[in-house]
Amino acid sequence: MKIILKINSTMKRYFPAAEFHLKLENDATLSDLYKELGFVAGADISSAVWNHKKNRPRGPVFMRSEAKVLKDENHPLFDGQILELKRFLVGG
Amino acid sequence: MVNGYSGQILRVNLSDKSCTPEPIDGVKARKFIGGAGYGAEILYSELKAGIDPLGPENKLVFATSPLTCNVVAGGGSITVCFKSPLTGVWGESRCGSNFGPDLRRAGYDIVIIEGKSEAPVYLAIVNGKARLEDAQNLVGKDVYEKTDLIEAAEAINGKKPTVMSIGQAGEKLVLFASIMARDRAAGRSGGGAVMGSKNLLAISVSGTANPNHAHAEGFGTATREAIRTVKNSEMRDGFNKFGTIGDMPANDEDGDWPTQNWRSNSWGKGAALFDEFQEDYLVKAKGCYSGCPIGCARVCEVKGGKYKTPVHEGGEYESISAFTSFLLNQNMDTAVYCDYLCNKWGLDTISSGAMIAFAMECYENGILTEKDIDGIDLTWGNSEVLPVMLEKIAFRQGIGDILADGVRKAARKLGDGAEKFAIHVKGLEGPAHDPRSGKVLGIAYGTANRGMCHIHPLEGMAFDRGKMHWGMLAHGARDPETVDRWDEKGKGADCALLQRALVLPDILTTCKFMSYAGLDPEHWAQMLAESTGWDIDAEELLQVGERVINIQRLFNMREGLGRKDDMLHERVLSVPEFGTYQDETECVIHEYEAMLDEYYESCGWNVETGMPGKVKLQELGLEEYLLKSELT
């Protein structure tokens, strides 16, 4: 399947591109997406928001789709899905 | 009786041991509401300019508002106001805990402490009755010990009171001593020293009364809607899961992490230190008061070794930054341990870390020698010396006696150019956010009435970097998405407008993070209207915010402050010496004076003096305060 990952405004400065078109297996989950993103762009994503060892977002960075935060890494994705990576927290 | 309020102020005169209830003034309530608003009115009206902040003439005001209730999002708070011994001007500090709601249940909205007790005492307030108790047995005890003893002594049918107390640092009059509700702190500006100067070691509150809201059903609906808004906010998830320390990696990357006494705004260690805290020190998340819908507080511990701690609340972004990046310390054990020691002894974590950073730089430059500091090796990054230095400060031992007076006074005493290393505004040491990451913060630091503060009233970087507007687009704010963080034009006006909104939690004694999680001025106005029965909307509430900023400003002007005191330290205006931004001239504020002009103009203040103009004061209904003042 193909999915589109958009990088939210405040996140753009941490990523090499504002949008990624990623190919995943048909039964892919959020976990697979992170793995693929790490493979495609990991080295160029800032460690401020990306844990390169774990290939996962670091800190308050969440994946959203259809106006909801996807909290479960086993969450199944679907072909043509548009996801958005967003950072929540600037304070304290 | 004013609906929404408990209706009573408790005036405690420690000199004659009297505890006298007074009614809340309905006119003042509408004009200043509560917290840092009503508190400012009291202190402006009752204190004379030039008094000694540590003398019996100073007063401590513990203030709530009609929204200080556990059912209100962020309502578990108390604001303490006083003339600061650290800065000599307006002092205020907020503390999250059940103390505020319990004070209201005990029958009081505000407690005014005045005079000085001959012997150590604590104040107990139970269901409208107040008494002063001998506290000789508490002298020299730490915050946890004092709290435990008073909780045991004042428990009613097994129900413990809520206690705010000072530690040894407050007793020793450390000028940045905090007032603690166990692990929660009214940390900044030195309220703990004011309390210590009065021989008041603690206040205990308990009660069963409920405030009388004008429209109980409407109030319930409004508060539930507010809680729902917060709980549905994605920002809430960020705060809950990662706490404020979750910002550390990105702040480092974005140049918002003062490092090595502000020589740089980034260090490159933020991500690793954050991961280490999450994996090895974090126990769980919790709220700082019963009913909090966010729960950003961190329960943490050092599990073993030389710096083992009990499980405690700590690990805030500011505190951990103060004991890591400020000092080039990469040892998380000592950072968490020092944070714990500050809670225990009652020290402000930010000022404490800043003072050690200042001392390290003085040592590096030969202003302090090993002889001056009892042979301690104050080399940058030497983690072993941090608890040692903290103890010296808290107990005013050796060099700690000088450092305990804060960075401005310490630099004057040390001389030899030490002022070059004393980073502060109005005497308040800088926190862990850097205006070289976004320019609104620079003006916010310069103009905040309590000094170099990142959050009272405005976190400028949350606008410039975080693209937050707190619902202020509807009230004339620029869309932050259209604003470049390093632009300067317009930032003075942005700051002036946003301060009026972000001062509201300080006035309403609510947690500011609820505004980050979706509560805008309309939410606050709605809850306040239902509680009090006032026909108050967001516009009027924002005008209250502006009024409060102005009366606090008048307080400071009366003490002799002006434009010259709204300046930033040269180092904060310089290109970082190292790190990600060392070659980035854009990050530096180039025309600070022009930004300040714009800020003053937006406020309706005299551009040359920084004095609020008569027209503005009349517009805000503050002309009588100008007449009362000693200004000419």
In the list B:216, B:193, which residue meets the criterion of being in contact (Cβ under 8 Å) with a residue 12 or more places away in the chain, aliphatic (A, V, I, L, M) and away from chain A (no Cβ under 14 Å)? B:193
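Determine which member of the set B:329, B:382, B:343 is of a type outside the set (D, E, K, R) and touching a strand residue (DSSP E or B) at 6+ places or on another chain (Cβ under 7 Å). Talk me through it step by step, then tell me what you get.
Numbers: B:329 fails: touching a strand residue (DSSP E or B) at 6+ places or on another chain (Cβ under 7 Å); B:382 fails: touching a strand residue (DSSP E or B) at 6+ places or on another chain (Cβ under 7 Å).
Exactly one residue qualifies, and that residue is B:343.
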I'm trying to understand the selection: among the residues of the stretch B:228-240, which are more than 7 Å from chain A (Cβ to nearest Cβ) and touching a residue at least 24 places away in the same chain (Cβ under 8 Å)? B:229, B:230, B:231, B:232, B:233, B:236, B:240
Turns out the strands (runs of 3 or more DSSP E) fully within the stretch B:62-125 with at least 1 residues that are without any contact (Cβ under 8 Å) to a residue 60 or more places away in the chain are B:77-83
Which condition breaks for residue B:437 when tested against (1) within 14 Å of chain A (Cβ to nearest Cβ); (2) under 19 Å from the mean Cα position of the chain (by Cα)? (2)
Can you tell me how many residues within the stretch A:32-55 are surrounded by 19 or more Cβ atoms within 10 Å (Cβ to Cβ) and away from every other protein chain (no Cβ under 14 Å)? 4
Matching residues in the stretch B:605-628 - criterion: being more than 26 Å from the chain's Cα centre (by Cα) and either among the aromatic types (Phe, Trp, Tyr) or assigned to a loop (DSSP other than H, G, I, E, B) (or both): B:606, B:607, B:608, B:609, B:613, B:621
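Within the stretch B:138-155, how many residues are of a type in the set (A, V, I, L, M, F, W, C) and touching a strand residue (DSSP E or B) at 6+ places or on another chain (Cβ under 6 Å)?
Narrowing the stretch B:138-155 to residues of a type in the set (A, V, I, L, M, F, W, C): B:138-139, B:143, B:149-150, B:152-153, B:155.
With the extra rule that they be touching a strand residue (DSSP E or B) at 6+ places or on another chain (Cβ under 6 Å), the set shrinks to B:138, B:143, B:150.
Of the residues in the stretch B:138-155, 3 are of a type in the set (A, V, I, L, M, F, W, C) and touching a strand residue (DSSP E or B) at 6+ places or on another chain (Cβ under 6 Å).
Looking at the stretch A:56-72, is at least one residue away from chain B (no Cβ under 14 Å), outside any helix (DSSP H, G or I) and surrounded by 15 or more Cβ atoms within 10 Å (Cβ to Cβ)? Spell out how you get there, then give the answer.
Initially, the stretch A:56-72 is screened for residues away from chain B (no Cβ under 14 Å), giving none.
The answer is no; no qualifying residue exists.
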Considering only helices (runs of 4 or more DSSP H) fully contained in the stretch B:485-556, which possess at least 3 residues that are away from chain A (no Cβ under 14 Å)? B:491-502, B:504-508, B:521-532
In the stretch B:71-127, anything touching a strand residue (DSSP E or B) at 6+ places or on another chain (Cβ under 8 Å) and of a type in the set (Val, Ile, Thr) is listed as B:78, B:79, B:80, B:87, B:89, B:110, B:111, B:112, B:113, B:121, B:125, B:126
All but one of (1) more than 13 Å from chain B (Cβ to nearest Cβ); (2) among the hydroxyl-bearing types (Ser, Thr, Tyr); (3) buried (at least 19 other Cβ atoms within 10 Å of the Cβ) hold for residue A:29, so report the exception by its number. (3)
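Would you call residue B:459 within 22 Å of residue B:553 (Cα to Cα), in contact (Cβ under 8 Å) with a residue 60 or more places away in the chain and acidic (Asp, Glu)? Before you say what the answer is, go through the steps one by one.
Values: within 22 Å of residue B:553 (Cα to Cα): yes; in contact (Cβ under 8 Å) with a residue 60 or more places away in the chain: no; acidic (Asp, Glu): yes.
Considered against the rule, which asks whether it is within 22 Å of residue B:553 (Cα to Cα), in contact (Cβ under 8 Å) with a residue 60 or more places away in the chain and acidic (Asp, Glu), residue B:459 comes out as no.
Counting residues that are under 19 Å from the mean Cα position of the chain (by Cα), closer than 19 Å to residue B:116 by Cβ and small (Gly, Ala, Ser), which strands (runs of 3 or more DSSP E) fully inside the stretch B:160-208 reach at least 3?
Details: elements: B:162-165, B:179-181, B:184-186, B:200-206.
It comes to none.
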Those residues that are out of contact with any helix residue (DSSP H, G or I) (no Cβ under 9 Å at 6 or more places or on another chain), loosely packed, with under 15 Cβ neighbours inside 10 Å, charged (D, E, K, R) and outside any helix (DSSP H, G or I), I need them from the stretch A:1-26; list them, please. A:2, A:19
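Quick one: how many residues across the stretch B:212-257 are under 26 Å from the mean Cα position of the chain (by Cα) and of a type outside the set (A, V, I, L, M, F, W, C)? Spell out how you get there, then give the answer.
Step one: of the stretch B:212-257, the residues under 26 Å from the mean Cα position of the chain (by Cα) are B:223, B:226-227, B:229-231, B:233-257.
Restricting the remaining residues to those that are of a type outside the set (A, V, I, L, M, F, W, C) gives B:223, B:229, B:231, B:233-234, B:236-238, B:240-241, B:243-244, B:246-247, B:249, B:251-256.
Within the stretch B:212-257, residues that are under 26 Å from the mean Cα position of the chain (by Cα) and of a type outside the set (A, V, I, L, M, F, W, C) number 21.
Check whether at least one residue in the stretch B:476-488 is more than 30 Å from residue B:70 (Cα to Cα) and among the aliphatic types (A, V, I, L, M), and report yes or no.
Of the stretch B:476-488, the ones more than 30 Å from residue B:70 (Cα to Cα) are B:476-488.
Imposing the further condition that a residue be among the aliphatic types (A, V, I, L, M) reduces the set to B:477, B:483.
Within the stretch B:476-488, one or more residues are more than 30 Å from residue B:70 (Cα to Cα) and among the aliphatic types (A, V, I, L, M).
No value in this document is a laboratory result; all are computed from the given coordinates. Predicted, not measured: the structure shown is a model, and the values here were computed from it. Cβ: placed from backbone, ideal geometry, glycine included. Neighbour counts: every protein chain shown.
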